[in-house]
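The values are calculated or read from the model by the stated rules, or taken from the named source; none is laboratory data. None of the values given here were measured: they were computed from a predicted structure. Cβ atoms come from the backbone with ideal geometry, glycine included; neighbour counts cover every protein chain shown.
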Amino acid sequence: MNRLHFAVVVYGDGSDSRADSEVTIRSLIDQTYGNWTLLESWASDGPGSPTVPREPTVPADFVAAHVLVVPRGARLHRTALERIAEVASVEGCRLVTWDALTRDDDGQHDVLGFGWSPETLLSFDYTRGCFALCIDDYRAAVAALDECAATPWSVLLRLPADLAPARHLAEPLVTLPPDRPVDEEVATATVDAALRWRGVQASSVVTDGIRRLAWEAISWPSVSIVIPTRHNEAMLGPLLDSLEASALLPGGPRFDVIVVDNGARTPEAEDFYTHEWAFPVSVTWWDEVPFHYGRVNNAAVALSGSEYVLLLNDDTKVIDSGWLAEMLGLAMLPGVGVVGTALLTQDGRLQHAGVWLGLGGYAGHQFAGMHPRTETIFGSTSWYRNVLAVTAACLCIRKELFESLGGFDEDMILAGSDVTLGLDCVARGLRNICSPLPGLHHYESITRSSAPLNDQIVSLLRYQPWHDGGDPYRNDRLSRRESIPVLASADEPDLVAVSRARAGVVL
């Protein structure tokens, strides 16, 4: 049987030296896997815009050829091609990425990657320009570039959002030269061109150090904001007041608010809702006790006549009037399931930036406790992230999709049903997105209750495929004990096994 053949592209940006090329070529020659052909290395006319060949010349007898792309100065570890070929050929992967090391004056540093994330590419090329791509996909991507420069980032941005199968190897297979700052104008032009190609009515902007999307004047669909509450006026009042700026935002989406109140229905409580806000507010009194988070939200969504619903906890407060346009714009993208956003604690640290399976033994919030705009071994906290799930403290979804999935799993009373909703979307072949825009505070500690044992058991059963098979948007080398990304220690306990044992779950 013929072995997979790589067409190797070594690209540069005009600031590379002959020594950089020699480092990369020598590492190729030293590979334990020898079935590759080096194509002509290309460099742009100046720094800041690395280019790769638009049409690699591949011999006719290549079998299942992949284009392997690496920057000049990269040193592929001796077994790198062998490991990549093993995954690409046996599993039939169209795209393979891997972890890296970067070197600088202080030594070598880990750079941990993750699985195929088309929305993360709207922030940054998280592959650091290193990937192996099926040659048919490579050719289709570069053919879609038109007049745009064929850079690794622009090529990846022309791949189908539902590209599959794709695989990330949580192994450091390459050592990269020191990171060079990405030219902001080049980055903006790269993302804007991709947005036009995708037909997305938005442009790329940098605000407070975060590259995000600025949504252009579009015809917004109808949206209902659903707020369950136990009539906590101390939290609900400021939340409704904070929505005023969003309702008055020129060109922004218009919305109504549906409150489902599980508190005592008294004349004083009813009088609270007679206040006039800049948006319609309806209230439904809910007398079921104890409080059942999933059931209350499912009932509230059923009351909405809007195309989209945005679920919002009463212990949140809006701090950026553009938050709703950001979430609704993302939710409108083809192939998207649920959308969440970065939530901040009262002191400005991240409380939520997506949900990762296995963290803490169940599911947790990576980056919790960190400041926005922080660089980590797992990338920036300011990137768009494709994730398996987001918290329902602030979650946007098409109403029809929510109902077709059965809404929140009512076998869970207080916790876990938002995670399983995201997993149900993934099972449908949809992508979930968490925006880096920190548009709301979430005062979780004020209202949070511990999860009942039943919720823990149901969660462990529902999460099992991703607990055992891995979260594609996380990295197996990360510690499951820490929300701040750090490498797992050699003696780290299996927290999922610990959680299963404590809950009495046997699989």
Query raised in the report: Can you find even one residue in segment 158-178 that is of a type in the set (A, V, I, L, M, F, W, C), touching a residue at least 40 places away in the same chain (Cβ under 8 Å) and in contact with a His (Cβ under 9 Å, 6 or more places away or on another chain)?
Result: yes
Query - Count - residues of segment 347-403 that are surrounded by fewer than 19 Cβ atoms within 10 Å (Cβ to Cβ) and at positive phi - result: 4
**Report entry** Odd one out for TRP285 among (1) closer than 30 Å to ASP208 by Cα; (2) out of contact with any helix residue (DSSP H, G or I) (no Cβ under 6 Å at 6 or more places or on another chain)
**Finding:** (1)
**Report entry** Single residue of LEU76, LEU112, LEU81, LEU95 found to be within 20 Å of PRO160 (Cβ to Cβ) and crowded, with 19+ Cβ neighbours inside 10 Å
**Finding:** LEU95
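Quick check: is even one residue across segment 307-314 within 29 Å of ARG385 (Cα to Cα) and surrounded by fewer than 21 Cβ atoms within 10 Å (Cβ to Cβ)?
Our first condition is that a residue be within 29 Å of ARG385 (Cα to Cα); within segment 307-314, this holds for 307-314.
Within this subset, residues satisfying the condition of being surrounded by fewer than 21 Cβ atoms within 10 Å (Cβ to Cβ) are 307.
Yes.
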Query - Within segment 280-306, considering residues that are of a type in the set (Phe, Trp, Tyr) and surrounded by fewer than 21 Cβ atoms within 10 Å (Cβ to Cβ), the one modelled with the lowest pLDDT - result: PHE291
Query raised in the report: in the same structural domain as THR127 (by TED's automatic domain parsing), modelled with pLDDT under 85 and in contact with a Pro (Cβ under 9 Å, 6 or more places away or on another chain) - does that describe any residue in segment 88-96?
Result: yes
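So which of ALA64, ALA60 is at pLDDT below 80, more than 30 Å from THR188 (Cβ to Cβ), in contact with a helix residue (DSSP H, G or I) (Cβ under 7 Å, 6 or more places away or on another chain) and assigned to a loop (DSSP other than H, G, I, E, B)? Walk me through it before giving the result.
Working: ALA60 fails: in contact with a helix residue (DSSP H, G or I) (Cβ under 7 Å, 6 or more places away or on another chain).
None of the other options fit; the residue is ALA64.
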**Report entry** Members of segment 332-386 found to be within 24 Å of TRP466 (Cα to Cα), out of contact with any strand residue (DSSP E or B) (no Cβ under 7 Å at 6 or more places or on another chain) and of a type in the set (Gly, Ala, Ser), listed by number
**Finding:** GLY358, GLY360, GLY361, GLY379, SER380
Query - Any pair with Cβ under 7 angstrom, 6 or more apart, that starts in segment 413-428 at a residue that is over 19 Å from GLU403 (Cβ atoms) and ends at one that is aromatic (Phe, Trp, Tyr) - result: ILE413/TYR293; LEU414/TYR293
Query raised in the report: Condition test on CYS434, is it at pLDDT 95 or above and touching a Lys or Arg at 6+ places or on another chain (Cβ under 6 Å)?
Result: yes
Query - Scan of segment 142-170 for residues that are surrounded by 15 or more Cβ atoms within 10 Å (Cβ to Cβ) and among the charged types (D, E, K, R), ordered by number - result: ARG158, ARG167
Query raised in the report: Which one of these does LEU324 not meet: (1) over 22 Å from ILE218 (Cα atoms); (2) in contact with a Cys (Cβ under 9 Å, 6 or more places away or on another chain)?
Result: (1)
Query raised in the report: Which of (1) over 21 Å from MET370 (Cα atoms); (2) touching a residue at least 60 places away in the same chain (Cβ under 8 Å); (3) not small (Gly, Ala, Ser) is the odd one out, the single condition VAL506 does not satisfy?
Result: (2)
